[in-house]
Amino acid sequence: MTILVLAGTSEGKEIATSLAALGVRAVASLAGATRAPKPLDLPTRVGGFGGEEGFLDYLKVAKIKAVIDATHPFASQITDRTAGVCATLNMPYLQVLRPAWESQEGDNWAEIAREENAADFIPLGATVFLGTGRQTLDRFTGLEGRRVICRQIDPPTAPFPFEGGEFLIGRPPFPVEREKTLFAALGVEWIVVKNAGGVASATKLTAARELGIPVLMIARPPMPDAMRVATVGEAVSWVQSL
Ligand SMILES: NC(=O)c1ccc[n+]([C@@H]2O[C@H](COP(=O)([O-])OP(=O)(O)OC[C@H]3O[C@@H](n4cnc5c(N)ncnc54)[C@H](OP(=O)(O)O)[C@@H]3O)[C@@H](O)[C@H]2O)c1
């Protein structure tokens, strides 16, 4: 039986490592969003499947018998579709979803449902740091009139989509002290992030807390009705139980 691991997160990478070490027959899949992704320890296919039809074909041709969905909590298109397809095919499906971040003492967070709501909070002229990646940048055009700094892994291939914006290139990890130095040097007054959860990317929230910078936290999209675990260990146990 071949397991498909939908990857693109640190959990996807760790699951690939564990399954490879156990000798489980599995293939990993990356969307191809990052130009030079770190290699995974499983045979890896890269790029979209070509919609639902392409995905169904792929499952058949690659003889996939179960799917672990370790995509990002905000990658709702692939998660909704995969959960739906697997339910229809009666194919075992497991989503690995890390817990969302919760505010703690010293945090100054406001939750927003959508990127478009950021402009309701952030005054004109403010300096804003977007830790949300380039894919959803178009949704922040309401922030025109602020200095908007968008961090992304790869160098930009297109100009910033609105006036007053600039890209900052950086590949994680970003230790807390480096984040603090960066935010202070840029004069960051607001930070906007998606509630991705996880330890590695929480450093910007620690830096914000320690510097007293307010955070706009974009709430997670709704999740499908499907089997779900929070950790890599649970996902590996699930594979072993199949
Ligand atoms: N959204 C984020 O904030 C975020 C952050 C960090 C990493 N990522 C990672 O980046 C990838 C794309 O995220 P997204 O938000 O653009 O996804 P999405 O909106 O849910 O999916 C868009 C399309 O990308 C393709 N796709 C997504 N994940 C794939 C995978 N693992 N393997 C093959 N094709 C995949 C599918 O194309 P087809 O319809 O052609 O199959 C899907 O319909 C995901 O793997 C995710 O884990 C996303």
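The values are calculated or read from the model by the stated rules, or taken from the named source; none is laboratory data. Note that the coordinates shown come from a computational prediction; the quantities given were computed from them, not determined experimentally. Note: ideal-geometry Cβ built from the backbone for every residue, glycine included; neighbour counts use all protein chains shown.
Based on what the data block shows, is residue 34 near the ligand (Cβ under 8 Å from one of its atoms), of a type in the set (Ser, Thr, Tyr) and in a loop (DSSP other than H, G, I, E, B)? Show your work before the answer.
Values: near the ligand (Cβ under 8 Å from one of its atoms): yes; of a type in the set (Ser, Thr, Tyr): yes; in a loop (DSSP other than H, G, I, E, B): yes.
So residue 34 passes the test.
Yes or no, residue by residue, for (1) closer than 30 Å to residue 2 by Cα; (2) among the small types (Gly, Ala, Ser); (3) without any contact (Cβ under 8 Å) to a residue 12 or more places away in the chain; (4) in the same structural domain as residue 191 (by TED's automatic domain parsing):
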| site | (1), (2), (3), (4) |
| --- | --- |
| 88 | yes, no, yes, no |
| 92 | yes, no, no, no |
| 104 | no, no, no, no |
| 114 | no, no, no, yes |
| 126 | no, yes, no, yes |
| 130 | no, no, no, yes |
| 137 | no, no, no, yes |
| 141 | no, no, no, yes |
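I'd like the residue in region 142-160 that is within 21 Å of the chain's Cα centre (by Cα) and not hydrophobic (A, V, I, L, M, F, W, C) and, out of all such residues, is farthest from residue 187 (Cα to Cα).
Checked region 142-160; the qualifying residue farthest from residue 187 (Cα to Cα) is 157.
Residue check, residue 193 against (1) in contact (Cβ under 8 Å) with a residue 12 or more places away in the chain; (2) loosely packed, with under 15 Cβ neighbours inside 10 Å; (3) out of contact with any Asp or Glu (no Cβ under 6 Å at 6 or more places or on another chain), all met but one. Which one?
It is condition (2) that residue 193 fails.
Being assigned to a loop (DSSP other than H, G, I, E, B) and among the charged types (D, E, K, R) is the filter; apply it to region 37-64 and report the residue that is farthest from the ligand (Cβ to nearest atom). It would help to see each step written out before you state the result.
First, pick out the residues of region 37-64 that are assigned to a loop (DSSP other than H, G, I, E, B): 37-43, 47-50, 62-63.
Filter again for among the charged types (D, E, K, R), leaving 38, 41, 63.
On the way: 38: 12, 41: 16, 63: 17 Å.
By that ranking, first place goes to 63.
Which number in (1) in the same structural domain as residue 138 (by TED's automatic domain parsing); (2) within 14 Å of the ligand (Cβ to nearest atom); (3) under 15 Å from residue 223 (Cα atoms) marks the one condition that residue 69 misses?
It fails just one condition, (1).
Within region 12-31, work out how many residues are within 11 Å of the ligand (Cβ to nearest atom) and part of a loop (DSSP other than H, G, I, E, B).
Number satisfying all stated conditions: 1.
Quick one: would you say residue 98 is over 16 Å from the mean Cα position of the chain (by Cα) and in contact (Cβ under 8 Å) with a residue 24 or more places away in the chain?
No: the conditions fail for residue 98.
Could you list, in sequence order, the residues of region 28-80 that are in contact (Cβ under 8 Å) with a residue 40 or more places away in the chain, surrounded by fewer than 17 Cβ atoms within 10 Å (Cβ to Cβ) and of a type in the set (S, T, N, Q)?
Correct list: 34, 76.
Determine if region 81-89 includes at least one residue that is assigned to a helix (DSSP H, G or I) and either of a type in the set (D, E, K, R) or under 17 Å from residue 30 (Cβ atoms) (or both).
Initial filter on region 81-89 (assigned to a helix (DSSP H, G or I)): 81-89.
Imposing the further condition that a residue be either of a type in the set (D, E, K, R) or under 17 Å from residue 30 (Cβ atoms) (or both) reduces the set to 81-82.
The answer is yes; a qualifying residue exists.
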